[in-house]
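One structure is given here, and the rest of the page talks about it.
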Amino acid sequence: QVTCTEVVEAYVERIREVNPLINAVVKDRFEEALQEARQVDKLLAEGPGDDSLEEKFPLLGVPITIKEAFSLHGMPNTSGLVNRRNVIATSDATVVSRLKQAGAIPLGVTNCSELCMWYESSNRVYGRTNNPYDLQRIVGGSSGGEGSVLAAACSVIGVGSDIGGSIRMPAFFNGVFGHKPTTGVVPNDGQFPNARGLRTTFLCTGPMCRYAEDLEPMLRVMAGPAVSKLKLDEKVSLEKIKFHCMDHDGGSVFVSPVDKEILEAQKKVVEHLEGELGVQVRRVAIHKMKYSFQIWSAMMSAKDSDGQEAQLFTDLLGDHGKPVWPLWELMKWLVGMSSHTLPAIALGLTEKVMKLNPGGNAKLVSMGESLREELEALLGPDGVLLYPPHPTVAPRHHSPICRPFNFAYTAIFNVLGLPVTQCPLGLGSEGLPLGVQLVAAAYNDHLTLAVARYLEKAFGGWVSPGKL
């Protein structure tokens with residue numbers, strides 16, 4: 001009904017209209033995108049009238065945005081680090097290349113937190129990204145620009161990455177869908193910073209989008225040949241899924257209590273599943289979840305099986321330049337002289353403290369292994385767990401620094417290697433998105449994706465921010 005050029009022009013116009021408010025797209029490639037759209041229209045006009053084009057190019061002409069931490073040829077690749085501000089990508093990250101080969105048209109790159117290690121997307125290169133539902137609220141991190149750009153209807157689908165909730169928190173705060181795949185299925189190549197050592201088993205690259213049905217085709221393209229490890233062709237019978245529900249982590253001293261509205265939204269999901277599907281949702285209380293933050297921190301700093309040390313965050317901050325001393329940077333920050341954000345400096349300081357207790361860390365790593373076994377046994381081949389994505393709805397700007405460990409609700413599933421789909425559940429009393437995490441055992445991504453599609457129909461999925 002419409003040409004690809006018209007579609008791309010509409011999205012370009014939308015970005016120009018709202019990006020001055022949300023600051024999500026930090027560098028565009030509109031001219032190239034329009035040129036690529038014209039080539040698509042030419043291909044369609046000349047091409048065969050059968051399904052062969054659709055098979056060869058499943059995402060033909062679809063506008064897409066990419067988190068700036070990923071290499072996209074000709075675009076900056078700073079990850080918000082000031083001393084990388086002149087770095088321009090000379091190639092495409094593997095997932096970006098696969099999406100382009102499938103016909104997708106990148107419109108530009110989106111903002112993230114400094115070095116992708118904080119849950120507010122703000123840095124000294126591009127500034128701060130705002131939430132489309134309330135510009136005074138955060139978009140989450142580190143794939144926050146993606147969450148914001150999708151929620152504001154500036155892009156159709158987007159690429160994010162997640163080592164502690166960096167796909168799922170932005171998806172939650174911005175009311176869109178995000179999927180953290182089973183570890184090791186989608187390649188992480190071509191992003192900065194990339195994981196080393198044990199962290200390669202925690203970092204996941206995955207799809208983000210407004211509509212649940214877009215997650216699976218995107219995941220198939222991004223995973224490439226490794227998609228065979230997932231059971232995406234298996235038909236899912238929702239009535240046969242064993243549903244489990246956990247309202248909170250059991251009361252960690254580090255983490256805020258879960259908001260009543262988030263609990264209420266999850267309760268409505270339980271009631272709907274029981275009422276409409278006739279399933280029994282089993283309430284569970286997994287004691288070790290209370291130590292989610294400590295387990296994640298210990299496993300992030302653990303050595304791998306070859307004894308390789310985890311890469312120091314302070315080394316990444318230096319990026320092969322002069323070493324960064326967090327205490328000195330804090331002094332400079334206090335007088336407005338540091339080129340780093342406060343959360344990045346604070347993380348550098350925390351890293352030093354974590355090194356002081358190797359014995360305690362070893363116990364926590366062992367607890368993490370045992371928690372993985374417990375959850376895999378609980379979920380089995382046909383289980384899905386409902387779990388809050390965060391203790392609060394999108395917080396106000398800067399407030400995460402007062403609640404630095406609230407990301408534990410998403411982070412724990414990175415170190416456990418489990419697939420998780422973040423699913424929106426409408427808006428709360430303040431007009432901010434609500435949502436739930438859907439968790440399955442490893443390689444059972446098809447279950448959480450199927451439940452997300454079902455809940456989208458039942459609860460309405462993405463809601464337009466309207467005000468923009």
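The values are calculated or read from the model by the stated rules, or taken from the named source; none is laboratory data. None of the values given here were measured: they were computed from a predicted structure. Cβ coordinates were reconstructed from backbone atoms using ideal geometry, including for glycine residues, and neighbour counts include every protein chain displayed. These area figures cover heavy atoms from the full protein model, side chains too; ligands, DNA and RNA do not enter into them. Shrake-Rupley method; radii C 1.70, N 1.55, O 1.52, S 1.80 Å.
Observations
- The order of the peptides 410-420, 213-223 by mean Cβ neighbours within 10 Å, most packed first, is 410-420, 213-223.
- Between ASP382 and VAL279, the simple label model (points 7 Å from Cα in the Cβ direction) yields a spacing of 1.1 nm.
- In sequence order, calculated HN-Hα J values of segment 277-284 (Karplus, 6.51, -1.76, 1.60; Hz; x Gly/Pro): 9, x, 8, 9, 8, 8, 7, 10
- What the phi angles of segment 143-150 give under the Karplus curve with 6.51, -1.76 and 1.60, with θ = phi - 60°, is a coupling list of 8, x, x, 5, x, 5, 5, 6 Hz, glycine and proline written as x.
- Residue-averaged 222 nm ellipticity for the chain, from DSSP H runs of 4+ at -39500 (n - 2.57), nearest 500: -11000 deg cm²/dmol
- Of LYS67/LYS180; LYS229/LYS288; LYS56/LYS100, those spanning more than 20 Å from alpha-carbon to alpha-carbon: LYS229/LYS288
- For segment 115-125, 3J(HN,Hα) computed residue by residue from phi via the Karplus equation (6.51, -1.76, 1.60; θ = phi - 60°) reads 6, 6, 10, 7, 9, 10, 7, 8, 7, 7, 8 Hz, glycine and proline entered as x.
- The chain, accessible surface, carbon-and-sulfur percent (1.4 angstrom probe): 54 percent
- The packing ranking of peptides 80-92, 271-283, highest mean first, is 80-92, 271-283, where packing means the average number of other beta carbon atoms within 10 angstrom of each residue.
- Amide proton proximity set for THR110, modelled H, under 5 Å, gap of 5+: VAL26, ILE66, LYS67, GLU68
- Rounded to the nearest angstrom and listed largest first, the equivalent-ellipsoid semi-axes of segment 4-467 from its Cα gyration tensor are 31, 29, 21.
- Two-decimal ratio, segment 345-444, of alpha-carbon radius of gyration to 2.2 N^0.38 Å: 1.30
- In plain terms, if you count all Cα to Cα distances in segment 85-127 and split them into 10 Å steps from zero, the share in each step is 23, 40, 33, 3 percent.
- Segment 188-340: proportion of alpha-carbon pairs further apart than 24 angstrom, %: 64 percent
- Rolling a 1.4 angstrom probe over the protein heavy atoms with all chains in place gives the chain an accessible area of 40 Å² per residue.
- For the peptides 394-400, 291-297, 40-46, 361-367, residues were scored by their other Cβ atoms within 10 Å and the scores averaged per peptide; the highest-first order is 291-297, 394-400, 361-367, 40-46.
- Estimated dipole of the chain in Debye, rounded to 20 [Cβ of Lys and Arg +1, of Asp and Glu -1, Cα centre]: 1300 debye
- Orientation-averaged projection of segment 1-154 equals 9.3 nm² [convex hull of Cα atoms, one quarter of hull surface area].
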